[in-house]
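Asks: Structure incoming, see below.
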Amino acid sequence: MPLLYAGIDEAGYGPLLGPLCVGCAMFVLPEVREPALADVRPPCLWRALAPAVCRTTTDRRHRIAIEDSKKLKGAKDAVGHPLRHLERGVSAFASACPGAPNAWESDAALLAALGASPTPPPIGDAWHSASLPLPVGNDAPALRIAASMLRTTLTKGNMSCLELRVRAIDAREFNAQAAQISNKATINFMAAMRHVERVRVAAVEHGIDAWIALDRQGGRTSYREPLQTSFPEARIRIIDESDALSRYRLEFPAIGGGATPAHGITISFELGGEGRNLPIALASMAAKFTRELHMRRMNAFFAHHVAELKPTAGYVQDGRRWMEQVGPAARTLGIPDEALVRTR
């Protein structure tokens, strides 16, 4: 039967400034063997999508590079824009989702499609309304060609990119959660589980099984307890718990007199999972590009209020430098530190 194959990954776990972004990529694949068995996993999508995608940024066929975001973001002094490969991959797969356009003219449009739009003022902060143009590192016609190439490959393989989503947790929301939760690893895990629930619902709607791959969360090897807390109604079976892999089968009962049928999902936490699961790598790229777009807005907003302000990526040391420069203007604008700086 067909399979819903999803990957989840984060970007921005460690910085002082900007959002924690957790991405999820969902694919519907045709006629995959029963995925609940310990020795069976979804097919390699790098191979299945090889006419359109690859892992390298120097492909002679100009295919779309899909890899862990850390390997795709270029240096600031490199040839070409540092975000060009992230933008190309995220734009192409976002355009391949049902109902999406084949080009994105603003970050507002792309963030909305990803479900990662900032909280609007007055609940949010002023820079959230400052939409900026796209693309940032590519020519628009080249992005449209890449999107068309990907859609053709998906169609020929009877596959679909069902959804590409990012949960963007800004500093205000992060700090509010941190005040209630013991550590930020739990904040990250909870965001990932929101994606898992979305995948589960999509699988039920399509009447198919789901396989969800994640990179290791916080270095732990046992996830049964936090999974049970997240899904108390599920019966959880441990398939494998080892140094490299923690895999579980969650079985959900029918509810509403069978309106929602009994169903199951497989969740696999894998060390270095982004190297074996294209959906994890794509989720990583979407999360990273979303965070970069949010930081771009924040830097652009404060550059209008602070002369000669050097942009920041938000990491701790440079984030402190940036806050020293921005602090007086932020206070004048009525923006508190907790709207910018994470407490953890």
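The values are calculated or read from the model by the stated rules, or taken from the named source; none is laboratory data. All values derive from a computational prediction rather than experimental measurement. All Cβ positions, even for glycine, are placed from backbone atoms using ideal geometry, and neighbour counts span all protein chains on display.
Asks: Return the pair list, or none, for Cβ contacts closer than 9 Å from residues in the stretch 110-121 that are under 15 Å from Ala100 (Cα atoms) to residues that are at pLDDT 90 or above and among the aromatic types (Phe, Trp, Tyr), at least 6 apart or on different chains.
Replies: Pairs found: Leu110/Phe289; Leu114/Phe289.
Asks: Being surrounded by 18 or more Cβ atoms within 10 Å (Cβ to Cβ) and within 21 Å of Glu274 (Cα to Cα) is the filter here; which residues of the stretch 201-216 pass it?
Replies: Ala210, Trp211, Ile212, Ala213, Leu214, Asp215, listed by residue number.
Asks: Can you tell me how many residues within the stretch 293-327 are more than 15 Å from Tyr13 (Cβ to Cβ) and touching a residue at least 12 places away in the same chain (Cβ under 8 Å)?
Replies: Looking only at that region, the number is 19.
Asks: Consider Ile265 carefully, then state whether it is assigned by TED's automatic domain parsing to the domain that holds Pro42 and surrounded by fewer than 21 Cβ atoms within 10 Å (Cβ to Cβ).
Replies: So Ile265 does not fit the description; no.
Asks: OK, next. Run down Arg291, Arg321, Arg297 and say which single residue is farther than 20 Å from Pro82 by Cα and of a type in the set (Lys, Arg).
Replies: Just a single option satisfies the conditions, and that option is Arg321.
Asks: Among the candidates Ser284, Ser242, single out the residue that is among the small types (Gly, Ala, Ser) and at pLDDT below 95.
Replies: Ser242
Asks: Right, next: Is there any pair with a first residue in the stretch 164-187 that is over 24 Å from Val199 (Cβ atoms) and crowded, with 22+ Cβ neighbours inside 10 Å and a second that is modelled with pLDDT of 90 or more and of a type in the set (Val, Ile, Thr) whose Cβ atoms are under 7 Å apart and which are 6 or more apart or on different chains, and what are they?
Replies: Ala171/Val341
Asks: Moving to a separate point now. Name the residue that is farthest from Leu114 (Cα to Cα), counting only residues in the stretch 281-309 that are of a type in the set (Gly, Ala, Ser) and out of contact with any helix residue (DSSP H, G or I) (no Cβ under 6 Å at 6 or more places or on another chain).
Replies: The qualifying residue farthest from Leu114 (Cα to Cα) is Ala307.
Asks: While we're looking at this one, here's another question. Among the listed residues Leu278, Leu250, which satisfies the condition of being within 27 Å of Leu72 (Cα to Cα) and modelled with pLDDT of 95 or more?
Replies: Leu278
Asks: Looking only at the stretch 219-242, decide whether some residue is within 18 Å of Arg41 (Cβ to Cβ) and either surrounded by fewer than 12 Cβ atoms within 10 Å (Cβ to Cβ) or not assigned by TED's automatic domain parsing to the domain that holds Val22 (or both).
Replies: Yes, the stretch 219-242 has at least one match.
Asks: Is it the case that the stretch 113-134 has a residue that's crowded, with 16+ Cβ neighbours inside 10 Å, modelled with pLDDT of 95 or more and farther than 30 Å from Pro43 by Cα?
Replies: For the stretch 113-134, residues crowded, with 16+ Cβ neighbours inside 10 Å, modelled with pLDDT of 95 or more and farther than 30 Å from Pro43 by Cα: present.
Asks: I'd like to know if the stretch 310-322 contains one or more residues that are basic (Lys, Arg), in contact with a helix residue (DSSP H, G or I) (Cβ under 9 Å, 6 or more places away or on another chain) and closer than 18 Å to Ala168 by Cβ.
Replies: Within the stretch 310-322, not a single residue is basic (Lys, Arg), in contact with a helix residue (DSSP H, G or I) (Cβ under 9 Å, 6 or more places away or on another chain) and closer than 18 Å to Ala168 by Cβ.
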